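The values are calculated or read from the model by the stated rules, or taken from the named source; none is laboratory data. These figures come from a predicted structure and were not determined experimentally. FYI the Cβ positions are ideal-geometry reconstructions off the backbone, even for glycines, and counts take in every protein chain you see.
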Amino acid sequence: MSITKQAILASERSYSISRMTEHDLLEVVEIEETSGLSRWGWAAYYAELQGKHAPLMLVARLDGTKLPNRASRLAGYIVARIGAGELHINNFAVRESYRRLGIGQELLSTILNEGTARGVSAAFLELRAGNAAAQALYEKFGFRVTARRKRYYSDPTEDALVMTRAFSQRLDPR
């Protein structure tokens, strides 16, 4: 990690979790493109922001007062929907240079708490079968593998694991 990034994260918490806005979309797409996610692209995120699920689109925003001019402002994001009484986590990524710093845990915890507040009974998501780091994070939050979808992802082709979590479980992994 560069000295600049170490300085940015030197305080206990130099980021905040907030609702995604239209102004965040270029950086969201940039993070998406470098994270191996299924590509939504700018237009899909924009359309989602116009709908009823906009409150379930969150970003981890770095404290701008500690950033050098023209630095990236977002460390990560999470996008979810609620349907049929369940929370579906659609896309979730943290910029590579900010991984393993607790930002992903904070985003995931925040969206799961929102699901609890809205009375959902379960959460589910799909992830690349080879993404062991993401699987470990989800397991810390009580998710378990419940299915495998063959050749679900493309570019590169890979199976997806479906992970599910009941909301009767404790949310904070610490």
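Across region 51-82, the number of residues qualifying as modelled with pLDDT of 95 or more and over 14 Å from ILE17 (Cα atoms) comes to 3.
Looking at region 158-170, is at least one residue under 30 Å from ASP63 (Cα atoms) and out of contact with any Gly (no Cβ under 6 Å at 6 or more places or on another chain)? There is at least one residue in region 158-170 that is under 30 Å from ASP63 (Cα atoms) and out of contact with any Gly (no Cβ under 6 Å at 6 or more places or on another chain). Scanning region 131-152 for residues that are more than 19 Å from GLU106 (Cβ to Cβ) and touching a strand residue (DSSP E or B) at 6+ places or on another chain (Cβ under 6 Å) yields VAL145, THR146, ALA147, ARG148, ARG149, LYS150, TYR152. Among the residues of region 12-22, are any of a type in the set (A, V, I, L, M), under 16 Å from the mean Cα position of the chain (by Cα) and at pLDDT below 95? No - not one qualifying residue is present in region 12-22. Answer yes if at least one residue in region 31-50 is at pLDDT 90 or above and either within 18 Å of LEU108 (Cβ to Cβ) or assigned to a strand (DSSP E or B) (or both), and no otherwise. Yes, that holds for at least one residue. Considered as a group, the residues in region 27-54 that are among the aromatic types (Phe, Trp, Tyr) and surrounded by 16 or more Cβ atoms within 10 Å (Cβ to Cβ) include one that is nearest to GLY115 (Cα to Cα), and that residue is TYR45.
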